[in-house]
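Take this structure first; my questions come after.
No value in this document is a laboratory result; all are computed from the given coordinates. All figures in this text were calculated on a predicted structure; none of them were measured in a lab. Note: ideal-geometry Cβ built from the backbone for every residue, glycine included; neighbour counts use all protein chains shown.
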Amino acid sequence: MKAKVAINGYGTIGKRVADAVAAQDDMEIAGVVKTRPSFEARIAMEKGFDLYASIEENIPEFKKSKIEISGTLEDLLEKVDIVIDATPGDTGEEYKKLYDKHGVKAIWQGGEDHELTGFSFNSEANYSDGMGRDFARVVSCNTTGLVRILYALDNAFGVKKARVTLMRRAADPNDIKTGPINALIPDPIKLPSHHGPDVNSILPDIDITTMAVKTSTTLMHLHALNIELKNNCIESDVIGVFEKRPRIRLVSSKDRIKSTAEAMEFAKDLGRPRGDMWENVVWKDSIAFSKGELYFFQAIHQESDVVPENVDAIRALLEMEKDGAKSIKKTNKAIGLMKSS
Ligand code: NAD
């Protein structure tokens with residue numbers, strides 16, 4: 001029997017998670033919830049996903065647009081094992097009572113606070129802690145990228161302290177309300193930024209401080225990392241560790257990938273759906289030690305790095321697979337995340 005999954009909030013993250021779930025052989029999309037008719041709703045219907053309206057009053061609007069609706073969110077919750085809540089940040093918490101009422105497990109996204117679920121998830125760092133839980137939060141795109149890197153380095157060499165500057169994309173490419181911007185915005189101005197404490201919601205023992213700047217681009221986030229390690233090592237040791245991780249992709253400027261624009265073009269050329277880059281993109285030739293400290297750059301595709309994490313979180317919460325590494329492998333294979341390609 002396949003696990004039945006609902007998607008509430010079918011936007012940037014929700015539609016990608018829906019496709020990733022549909023690609024797995026042990027889970028299926030039972031329905032997606034839309035607030036209003038749209039091209040995304042129409043395409044979801046054409047893909048064969050059953051559509052549900054968030055509230056009864058909106059159903060006539062869908063009918064007018066000739067988009068078939070199978071019922072309301074509440075009807076869908078009666079049919080599923082778990083819901084992926086990918087509604088806009090701070091909206092998801094409104095639904096907690098409803099999921100509880102229907103006895104459905106739920107996974108929220110990084111726009112919600114850690115306190116909503118009391119458990120923040122990352123596939124590599126704490127899969128087994130998610131086993132059997134009712135609620136989890138997959139951390140934000142930036143935090144997911146930082147946790148992947150710090151977990152790998154901490155396991156291999158011990159992380160003494162990490163200091164990271166995040167250059168954040170101002171808006172997603174399809175966002176006409178927030179961006180692009182003609183400025184560099186220290187965000188937040190009051191330091192440090194929330195990303196460090198968010199990493200600590202998964203890796204509590206890492207000494208990390210972060211600051212962030214919003215930039216006039218929509219393509220990816222760029223992190224400049226400065227890390228002190230406990231054990232001595234050299235550049236090739238760090239490269240060796242990253243090469244073995246399932247969701248870190250090393251690229252090189254010698255291969256003409258010198259920017260986030262080229263990293264995104266690379267993902268498109270790999271034939272990735274929507275041109276997504278699910279892995280952290282780490283510049284191999286940026287990895288350097290100076291005065292005993294490690295430095296490098298990584299880029300994070302904000303629209304997609306959390307997608308495979310949501311699939312693994314489903315397996316953990318529903319206790320479908322005990323071994324996190326096996327879930328990661330299965331998820332990666334099904335969506336086509338093959339690092340050698
Ligand atoms: P989005 O705005 O692209 O999509 C949200 C979807 O939810 C839209 O389809 C919208 O119509 C729908 N929606 C709005 N109000 C709703 C409601 N009350 N009930 C049901 N659906 C509703 O947002 P997104 O970028 O996909 O973000 C979703 C979550 O993922 C947020 O918590 C966000 O912080 C997090 N996240 C976003 C990114 C990113 O860069 N886009 C990256 C990682 C995590």
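For the range 82-211, what class follows from the C-alpha gyration tensor (a ≥ b ≥ c being the square roots of its eigenvalues): rounded when a/c is under 1.5, otherwise prolate if a/b is larger than b/c, else oblate? If you can, show how the numbers build up before the last one.
Details: a/c = 2.27, a/b = 1.13, b/c = 2.01.
Taking the square roots of the gyration eigenvalues as a ≥ b ≥ c, the range 82-211 is oblate.
When the chain is treated as a GNM, springs tying every alpha-carbon pair under 10 Å, which of Ala106, Ala18, Ala156 comes out with the largest mean-square fluctuation?
Ala156
Using only the alpha carbons of the range 2-90, determine the length spanned along each of the three principal axes and report them from longest to shortest in whole angstroms.
The principal-axis extents, from largest down, are 35, 27, 23 Å.
Per residue and in Å³, how big is the convex hull formed by the alpha-carbon atoms of the range 188-235? Before the final figure, lay out each step's value.
Numbers: hull volume 5.7 nm³, N = 48.
Per-residue hull volume (Cα only) is 120 Å³.
Apply 1/(1 + (r/R0)^6) to the Cβ-Cβ distance of Asp134 and Ala224, taking R0 = 35 Å, and write down the FRET efficiency to the nearest 0.05.
Details: r = 38 Å, r/R0 = 1.08.
Step by step, r from the Cβ atoms, then E = 0.40.
Moving on. Residues with amide H under 5 Å of Ala171's amide H, sequence separation 5 or more or different chain, H placed in the peptide plane at 1.01 Å from N; which?
Thr217
Pop out the ³J(HN,Hα) list for the range 284-292 in order, Karplus 6.51 cos²θ - 1.76 cosθ + 1.60 with θ = phi - 60°, rounded to Hz; leave Gly and Pro as x.
Residue by residue, the range 284-292 yields 4, 7, 8, 5, 8, 9, 9, 6, x Hz.
Which of Pro246, Pro88, Pro188 moves the most in a Gaussian network model of the chain with Cα springs under 10 Å?
The residue that fluctuates most here is Pro188.
Could I ask something else about it? Defining a contact as two alpha carbons under 8 Å apart and six or more residues distant in sequence, what relative contact order in percent does the range 141-300 show?
27 percent
Taking Rh as the Kirkwood radius computed over C-alpha pairs, what is the Stokes-Einstein D of the chain at 10 °C in a medium of viscosity 1.306 mPa s, expressed in µm² per second? Intermediate results must be reported in sequence, preceding the final value.
On the way: Rh = 20.6 Å.
It comes out at roughly 77 µm²/s.
Ignoring everything except DSSP H segments at least 4 long, calculate the 222 nm mean residue ellipticity for the chain; use -39,500 (n - 2.57) per segment, divide by total residues, nearest 500.
Numbers: 12 runs with 106 residues, N = 341.
So the calculated ellipticity at 222 nm is -8500 deg cm²/dmol.
Then there's this: Just order 107-113, 89-95 by mean Cβ neighbour count inside 10 Å, highest at the front, would you?
Details: 107-113: 22.7, 89-95: 15.9.
Top to bottom by mean Cβ count within 10 Å: 107-113, 89-95.
Which cross-chain or sequence-distant (5 or more) residues have an amide H under 5 Å from the amide H of Gly110, H modelled 1.01 Å from N in plane?
It is Ser140, by chain and number.
Would you work out if the range 201-341 is rounded, prolate or oblate? Take a ≥ b ≥ c from the square roots of the eigenvalues of the alpha-carbon gyration tensor; rounded if a/c is under 1.5, else prolate when a/b is larger than b/c, oblate otherwise. Before the final figure, lay out each step's value.
On the way: a/c = 1.57, a/b = 1.19, b/c = 1.32.
Oblate, since a/c reaches 1.5 and b/c is not below a/b.
Suppose a student asked you for the relative contact order of the range 269-341, using Cα pairs under 8 Å spaced at least 6 residues apart; what percent would you report? Kindly include the intermediate steps, with their values, before the conclusion.
Details: 60 pairs, mean separation 19.3, N = 73.
RCO, the range 269-341: 26 percent.
Using the Kyte-Doolittle scale, which helices in the chain average at least -1.0 and also have C-alpha atoms spread 18 Å or more along the helix axis, with helices defined as whole DSSP H runs?
For the chain, where a helix must reach 18 Å along its axis and average at least -1.0, the hits are 141-157.
Next question, about the same structure. Given an 8 Å cut-off on Cα distances and at least 6 residues of separation, report the relative contact order of the range 62-158 as a percent.
Working: 104 pairs, mean separation 21.5, N = 97.
Answer for the range 62-158 is 22 percent.
With both partners inside the range 141-300, how many of the DSSP beta bridges are antiparallel, as a percent to the nearest 5?
On the way: 22 of 34 bridges.
Given both bridge residues lie in the range 141-300, the antiparallel proportion sits at roughly 65 percent.
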